[in-house]
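The values are calculated or read from the model by the stated rules, or taken from the named source; none is laboratory data. What you see is a predicted model, and the numbers here were worked out from it, not measured in a lab. Note: ideal-geometry Cβ built from the backbone for every residue, glycine included; neighbour counts use all protein chains shown.
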């Protein structure tokens, strides 16, 4: 089922959060709303659930306008960050609750709930109370409860943020597998760009009530449309452009505070345009290679992260991050060393906002 927001306006206390927002979510996709706190992603999710009604505009499930349809009649399953399980009910009773609320007989609801618990690997714990389960197990219960009603739309409100790293990695795979198996249109809200990149079919990057880019994870990462998208998804190094020197077939030579660099982009440049250069798109070059196309600086900090080592280099364009594969025994720059950075290819020119 395709889901769409059409000309959505939302105001709180005279302050506009959304102004004529439009967004289409493809049928059967795992679609992520990605952005920092306060950007409006959870409000959009709550609009889909029926908990918030827009000031103006329409929300459609397929061809049906559901803007005024109450939450309990939308056929939506929702998983919350804090699980929202009934503490005084057993696990199987929690999962069966939505079925019973829809008129399914208690015995049939229990049978379906047990089958769904088996599907998420928790049937053996059906008689326990939520307090007796770990955070990861409770989140599995919440997923089972959302899926057992066979919703036409699944909403996930930062369901992994309260879990430790290992559990998050485990559960994001389970969630994606369950979604694919069910073929459910799913809308996922997160501020975690790694989760978004790993789990999504498409990502909408949000900034202060605006959708700044929509695309596949590969498109959003490799071809960010704005400086915000480049910085929020992958933490790109952003470098000011002082002047466009030349342009030919989409390749530009630009002057920056760090020197002349090669970039991908079309002339003329938009006002305030910046260079976006990913940390993994940089390498160290020999000192005698300083000059056009290179960036000189001094290493300020080194972070060993296992398979990757991060270097923070002070340059005339500001602090630039370089991520390189860690190699045991290989010589590497240390704090205080003067270095020359070599981009592995042209940087990308992005709009300021």
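Observations on the structure shown:
- All positions within the stretch 54-73 that are assigned to a loop (DSSP other than H, G, I, E, B) and out of contact with any helix residue (DSSP H, G or I) (no Cβ under 7 Å at 6 or more places or on another chain): 55, 62, 63, 66, 67, 68, 69, 70
- Condition met for residue 98 (under 31 Å from the mean Cα position of the chain (by Cα), closer than 28 Å to residue 42 by Cα, assigned to a helix (DSSP H, G or I) and in contact (Cβ under 8 Å) with a residue 40 or more places away in the chain): yes
- Exclusive hit being without any contact (Cβ under 8 Å) to a residue 12 or more places away in the chain and either more than 29 Å from the chain's Cα centre (by Cα) or assigned by TED's automatic domain parsing to the domain that holds residue 191 (or both), set 141, 104: 104
- Within the stretch 293-326, the set of residues being part of a loop (DSSP other than H, G, I, E, B) and surrounded by 10 or more Cβ atoms within 10 Å (Cβ to Cβ) comprises 293, 294, 316, 317, 326.
- Summed over the stretch 305-332, the residues that are in contact with a strand residue (DSSP E or B) (Cβ under 8 Å, 6 or more places away or on another chain) and over 27 Å from residue 242 (Cβ atoms) give a count of 8.
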